[in-house]
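Engineer: So that we are looking at the same thing, I have put the structure below in C-alpha cells.
No value in this document is a laboratory result; all are computed from the given coordinates. What you see is a predicted model; the values in this text were computed from it and never measured. Methodologically, a virtual Cβ is constructed for each residue, glycine included, from the backbone with ideal geometry; neighbour enumeration extends over all protein chains shown.
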Amino acid sequence: MSKAEESKTYIAGKLTGDDWRKFKAKLVVGGDHEIWASAYEDFFRQRLKLRYLDPIELLGAPGSWQGEGFSIVSIQCALIEFLAATRSGKNYRFLRKGDVLGPHDYSSSSALFQDFLSGVAPFSTAFDADSAKDFYQAIRCALLHEARTRNGWRIWVSGSKPIDSARKIVYRDALQAAILTFVDDYGRALLTSPLLQEAFIRKFDDLAA
C-alpha cells in the first residue's frame, strides 16, 4: 500500500473522505430522492454492512452458544450509538480542559443512547426510560469497559423482543432484528426528511474529516 493510500480516510468500504466530498456536491436537502437513495446505500448502508452487520452475522452463525453473544451485543451497542448519532447528526468529542461543545457535539453517550432506545421505533416498543438506562449501564458500559454484564443481566440468543427488563435478559437475535428494522425504516425516511438529511450530512462530514 502506498503512503497516499495509507493516509486516506476510508469511511464506507473503499469509499474515502474525498469520495464523500465529491458526492456531497450532488446532495441537496429536500432534493432528488434517487441521489439520497445512493447516499444511503453507498455510504451509510455499506459502512454498516462491512463494519457491523457482516461481523455480527459471522459471529452468530453457526453459533456455538459458548459466549459469542458478548461479542455480538458489544458490536450491537456500538452500532446503536452510531445509529443514534447519525439520526441526530451528532459527533463525539473528547473534551479537554477549556473545551466547549458545539451545538451538534456530545462528550457523553448516555443521554443519546438512552433517548434513542426509549424514544425511537422499533426500540421504543421494548424500552422505556428506566429499562434503557439499565441497559446502558449494565450492558453497554459493562460490556465495552469490562467485557461483562452487570446487575444480574444475561444475554440469550432468541426471544420475541429485544429485552425482558423484568427478567433482565437481552435477546441478541431480537435486538438485531430491531436494528435491521430501524436501518430499513431510516433509509426510507431519509429520502424525504430534511431534518434527517441535514443530520446525515453533518455526520458524514465529520467521518470524512
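Engineer: Given the pairs LYS90/LYS168; LYS49/LYS90; LYS49/LYS168; LYS133/LYS168, which span a C-alpha to C-alpha distance of over 18 angstrom in this model?
Structural biologist: LYS90/LYS168; LYS49/LYS90; LYS49/LYS168
Engineer: I want to check the label-to-label distance for GLU57 and THR9. Put each point 7 Å from Cα in the C-beta direction and report it in nm to one decimal.
Structural biologist: With each label placed 7 Å out from Cα toward Cβ, I get 2.9 nm.
Engineer: Here is a further query. Assign one of three labels to region 1-93, namely rounded, prolate or oblate, based on the Cα gyration tensor with a ≥ b ≥ c the square roots of its eigenvalues; rounded applies when a/c is under 1.5, prolate when it is not and a/b is larger than b/c, and oblate otherwise.
Structural biologist: prolate
Engineer: With mean projected area of the Cα convex hull in nm² defined as stated, name the option among [x] 13.7; [y] 11.4; [z] 10.6 computed from the structure displayed.
Structural biologist: [x]
Engineer: Let me ask something else. Expected output is a single nm value to one decimal: the length gained when fully extending between ARG150 and ILE201, i.e. 0.36 nm times separation in residues minus the C-alpha distance. What is it?
Structural biologist: That pair, ARG150 and ILE201, stretches by 14.7 nm at full extension.
Engineer: Just to verify a number: FRET efficiency for LEU180 and SER71, C-beta to C-beta distance, R0 = 25 Å, to 0.05?
Structural biologist: So, using R0 = 25 Å, E works out to roughly 0.85.
Engineer: When only DSSP loop residues count, what trypsin sites (Lys or Arg not before Pro) in region 108-163 have their Cβ near at most 12 other Cβ atoms within 10 Å?
Structural biologist: Passing sites in region 108-163 are ARG148.
Engineer: Tell me the angle of helix 68-88 to the major Cα principal axis of the chain, expressed in degrees between 0 and 90 and rounded to the nearest ten.
Structural biologist: Orientation of helix 68-88: about 40 degrees from the principal axis.
Engineer: With each label point set 7 Å from Cα along the Cα-Cβ vector, what nm distance links LYS49 and ALA25?
Structural biologist: 2.6
Engineer: Please give the calculated 222 nm ellipticity per residue for the chain, where each DSSP H segment of at least 4 residues contributes -39500 (n - 2.57) and the sum is spread over every residue; nearest 500 deg cm²/dmol?
Structural biologist: Calculated from helices alone, the mean residue ellipticity at 222 nm is -14500 deg cm²/dmol.
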